[in-house]
Amino acid sequence: MPELSDLLIPALIFIARIFDVSLGTVRMLMVISGHRLASAALGFAEVLIWVLAVGGAVKHLDNPIAVLAFAGGFATGTLVGMTLEKRLAIGYRVVRVINPKPGLDLAGTLREQGYSATRIDGHDRDGPAEIVFVPVRRRSVPQLLDRIAAVNPDAFLSVERAERVSGFIPLAGNRADRFPWGRFGQLRK
């Protein structure tokens with residue numbers, strides 16, 4: 001019968017790996033978004049936990065459950081980190097819409113709803129088309145897509161990652177929506 005430590009150590013290694021890999025995923029998101037202080041703090045915590053997990057795994061190499069817990073914690077941490085990254089939805093996106101029915105004035109409708117929409121007149125195979133660019137916070141993309149579909153479900157669109165040149169992008173919503181991290185949301189690289 002295995003001793004308590006034979007099961008407790010692998011469980012601790014597994015949990016530590018979930019935490020350090022999840023922190024690593026969120027840290028990379030913060031690095032890409034230019035949040036220097038948050039990235040450094042998350043990196044410190046990530047490596048501290050990683051050292052403890054590696055130390056436990058190396059110390060217990062004779063316990064195959066500990067080695068499997070190390071690998072399983074990494075895999076689970078990857079899934080948890082991806083889920084966290086999706087929920088945090090940090091950053092900005094530009095939604096580009098090709099509206100084959102320019103008479104609907106999608107840009108005007110979106111502006112009335114508080115979005116900053118830039119319109120370009122274009123032509124597709126069947127005639128005139130409206131091309132609209134809308135910058136939004138990443139977490140606002142699903143709501144924007146619903147609004148676009150309500151105006152013209154036949155529109156084509158793409159969503160692209162965007163960066164701020166200055167500390168402000170005129171987005172829908174109030175100041176707190178634009179800078180969810182308070183003063184830290186305005187820090188630049």
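Just so it is clear, none of the values below were taken in a lab; they were calculated from the coordinates. Worth saying up front: this structure is predicted, and the values here are computed from it rather than measured. Here the Cβ positions follow ideal geometry from the backbone for every residue, glycine too, while neighbour counts run over all protein chains shown.
Which whole-angstrom value gives the distance between the alpha carbon centres of the stretch 74-95 and the stretch 1-62? Between the Cα centre of the stretch 74-95 and that of the stretch 1-62, the gap is 17 Å. Modelled label positions at L145 and E163, each set 7 Å beyond Cα in the direction of Cβ, lie 2.5 nm from each other.
The mean sequence distance of close C-alpha pairs (under 8 Å, at least 6 residues apart), as a share of the length of the stretch 22-102, puts its relative contact order at 40 percent. Our estimate of slack between F44 and T118, defined as 0.36 nm per intervening residue step minus the Cα-Cα distance, is 22.5 nm.
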